[in-house]
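Right, one structure below, let's go through it.
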């Protein structure tokens, strides 16, 4: 009987060891994040709070719409799409500190970065408040969005320096700003939220001024 009990106890111990190994060394492939192979970049969820979270080589010109974005509420489409659009301007502006040749370009790029990062944070807060459980709704077909990003060549801009950077920056940022203005003008007509309309008015005002400034640089 004692021999039987010892054998049984030993068998139970082996089973417990085997079970523990299975729990810690099993196949975790099912737990991989879907974001590992994204079908489209979701700027509405991306954490841009630190420089390390920003991919400055991102190809904004090939950004795809979120699945079903066109069927989402207009204001959700606007927020997600404008967040992505603003992030493009920030990604173009940040290299200016080290690569621009003109102090004016560096100053404008710094102002764009500060203003649009602040607006991104505000739009994220509204999204969390108004659409807390909604999926991504970036709509590249929204009027003004696609045309303003199709000529963004981040690789080319990233390798430019001095006067070449200044010229490319203006040539890319002008149509990018023009697209934001088109989107903002549409928001004034369609948005249900006064907060978005107020933001849109600010975008139109500030970016129209910046376009004129960059156009004057190119003429020189």
**OP:** Return only the number of the condition from (1) within 18 Å of the chain's Cα centre (by Cα); (2) touching a residue at least 40 places away in the same chain (Cβ under 8 Å) that residue 125 does not satisfy.
**Re:** (2)
Original post:
Quick one: residue 179 ticks every box in (1) over 19 Å from the mean Cα position of the chain (by Cα); (2) under 19 Å from residue 90 (Cβ atoms) bar one, so which box is it?
Top reply: (1)
Original post:
Yes or no: residue 148 more than 18 Å from residue 204 (Cα to Cα), touching a residue at least 12 places away in the same chain (Cβ under 8 Å) and surrounded by 15 or more Cβ atoms within 10 Å (Cβ to Cβ)?
Top reply: no
**OP:** Go over the candidates 207, 215, 122 one by one and state the one that is more than 22 Å from residue 66 (Cα to Cα) and surrounded by fewer than 19 Cβ atoms within 10 Å (Cβ to Cβ).
**Re:** 215
**OP:** Determine, yes or no, whether residue 142 is part of a helix (DSSP H, G or I) and within 18 Å of residue 200 (Cα to Cα).
**Re:** no
Subject >> Selection within region 65-95 - over 23 Å from residue 204 (Cβ atoms) and in contact (Cβ under 8 Å) with a residue 24 or more places away in the chain >> reply: 65, 66, 67, 68, 69, 70, 72, 94, 95
Subject >> Residue match in region 151-168 (condition: under 19 Å from residue 201 (Cα atoms) and surrounded by fewer than 22 Cβ atoms within 10 Å (Cβ to Cβ)) >> reply: no
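Bear in mind these aren't lab numbers, they're just calculated from the coordinates by the rules spelled out. This structure is a prediction, so every number in the text was calculated from the model and none was measured. Quick reminder, even Gly has a Cβ in these numbers, built from the backbone with ideal geometry, and neighbours come from all protein chains shown.
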